[in-house]
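Have a look at the structure below before the remarks.
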Amino acid sequence: MKKTGVTVEKKLRVSLPYWQTTPHISVRTRKTASTRNFDIIIVGAGISGALVAEALTGHKRKIAIMDKRTPVHGSTMASTAMLQHEIDLPLHKMVQHTGTLQAETIWQRSVNAVSDLHKLIKKHGIHCQMQHKSALYLAGDKYGKRALLTEAKARNSAQINAKYLDQKSLKTEFNINRTAGIVSSYSASANPAQMTAGLLRLVQKQGAEIIEGIEITDFVSLNDQVVLATSAGEIYSAKFVIFCTGYEFLQSLKNKNHQIISTWALASRKNIRLPHWLNDFLVWEGSDPYLYFRTGYDGRLIAGGEDTESPEAYKDPQLLAEKTNTIAEKISTLLNINIGTPAFRWAAAFGDTKLGIPMIGEVPDHKNVFAVMGYGGNGITFSKIAADIISAKLKGQSDPVENLFKFR
């Protein structure tokens, strides 16, 4: 692991993500900025940076989006783009940590974020294979049938519709042999690279500059300005700076509530034989590690899982083969099908927190510096929440949930 300035640099992928082979994922960029002073500088040209920029453009602000990489080609490319309203930590478990009102509010906001994201993409006509999906949550070795029954009751109590299925009903409706399941609506899927590129092109048309090849190595808040230093020795300043650097987190933010873990993913070949119902569902399970999968636009199966708490394991090419083979075998057993040899395999590091929710807001002790980090399994959904919270803050307003996601 190599330290570079204020972030920890990680090689995000060790193989080829499927999205990297899809069309319409490029964005026109600048190599140099038009000025050294902006109203807002967003560090990171992935999905969170793109959504934050979209929320902030159109208010006569001079905005720059800076990235040391080519836009879209960071951690966004490693996503499986299961846009879930469901959070890694079940609602009935989150209640035990935060209390009922806060837990229900967090889950409800996640539901709304998926809906708002769908509306945003439709409003701007961004072509990214966005599809509404229902979610099927299966009992596993961590959360069995009793836990899922409790979870379904907790969700329905929070006005989040959830249908509990016992073993017989699950077998009848989905031909899956597990002790229980929960069916819910509100989720979606998309091509994350096309979504990000579409949003970046949108904000570019609205006046934002996108500059690649700029690595931020340090920052300091001085009165009403934030000054940024780069690896090339350049200095930039802005009234507000927002770090949307995915899982290359700021050193100043490293704390006990945030960790980096490794995960693996695959995409099958096109048009394999799959259960017809799967076209309308995202599937995941209450196991540790848990399995998750969905269909793609071209009839591929896209799946991930086998997470490990090691922040470096994703770099191991042998583990890439072993973990993705395990994912394929688990799906074959669960669905009683053979998905064949994966056409694409990839691995990545990603951030997580104890409650499976992100940290969003102003960086402690750094005036006008904001950051978005610690996404858990819902990076794109949480990025939409982050865009709403930070946009409100910079307009001098408050978001009802901002205190629930603040840095601790």
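Name every residue in segment 112-149 that is of a type in the set (Gly, Ala, Ser) and either part of a helix (DSSP H, G or I) or closer than 30 Å to Asp388 by Cα (or both), in order of residue number.
First, the residues of segment 112-149 that are of a type in the set (Gly, Ala, Ser): 113, 115, 125, 134-135, 139-140, 144, 147.
Scanning segment 112-149 gives Ala113, Ser115, Gly125, Ser134, Ala135, Ala147.
Before we move on, is Glu309 free of Cβ contacts under 8 Å to residues at least 12 places away in the same chain and either crowded, with 22+ Cβ neighbours inside 10 Å or of a type outside the set (Ser, Thr, Tyr) (or both)?
Values: free of Cβ contacts under 8 Å to residues at least 12 places away in the same chain: no; either crowded, with 22+ Cβ neighbours inside 10 Å or of a type outside the set (Ser, Thr, Tyr) (or both): yes.
So Glu309 does not fit the description; no.
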- prompt: Which residues, counting only those in segment 345-379, are closer than 17 Å to Arg300 by Cβ and open to solvent by 30 Å² or more (accessible area, probe 1.4 Å)?
  reply: Arg345
statement: Picked from segment 176-229 (must be among the charged types (D, E, K, R) and in a strand (DSSP E or B)), the residue surrounded by the most Cβ atoms within 10 Å (Cβ to Cβ) is Glu209
query: Restricting the search to segment 321-336, which residues are closer than 18 Å to Ala348 by Cα and buried (at least 19 other Cβ atoms within 10 Å of the Cβ)?
result: Lys323, Thr324, Ile327, Ala328
statement: (1) out of contact with any Leu (no Cβ under 7 Å at 6 or more places or on another chain); (2) assigned to a helix (DSSP H, G or I); (3) over 24 Å from Phe293 (Cβ atoms) all hold for Thr105 apart from (1)
task: Identify the single condition in (1) open to solvent by 10 Å² or more (accessible area, probe 1.4 Å); (2) within 16 Å of the chain's Cα centre (by Cα); (3) closer than 30 Å to Ser157 by Cα; (4) in contact (Cβ under 8 Å) with a residue 12 or more places away in the chain that Gly74 does not satisfy, given that it satisfies every other one.
output: (3)
message: Under 9 Å between Cβ atoms, which residue pairs at least 6 apart in sequence (or on different chains) link something in segment 30-48 that is at positive phi with a partner that is of a type in the set (Asp, Glu)?
response: Gly44/Asp67; Gly44/Glu248
- prompt: What's the number of the condition Ala371 fails, among (1) assigned to a helix (DSSP H, G or I); (2) within 18 Å of the chain's Cα centre (by Cα); (3) more than 22 Å from Leu101 (Cβ to Cβ)?
  reply: (1)
field: Phe382 being among the aromatic types (Phe, Trp, Tyr), in contact (Cβ under 8 Å) with a residue 12 or more places away in the chain and open to solvent by 10 Å² or more (accessible area, probe 1.4 Å)
entry: no
statement: With criteria (1) within 23 Å of Thr353 (Cβ to Cβ); (2) modelled with pLDDT of 95 or more; (3) hydroxyl-bearing (Ser, Thr, Tyr), Thr333 comes up short on (1)
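The values are calculated or read from the model by the stated rules, or taken from the named source; none is laboratory data. Treat the numbers as computed from the prediction; the structure is a model and nothing was measured. Reconstructed Cβ throughout: ideal geometry from the backbone, glycine too, with neighbour counts over all protein chains shown. Just the protein is used for accessible areas: all its heavy atoms, side chains included, with ligands, DNA and RNA removed. Shrake-Rupley method; radii C 1.70, N 1.55, O 1.52, S 1.80 Å.
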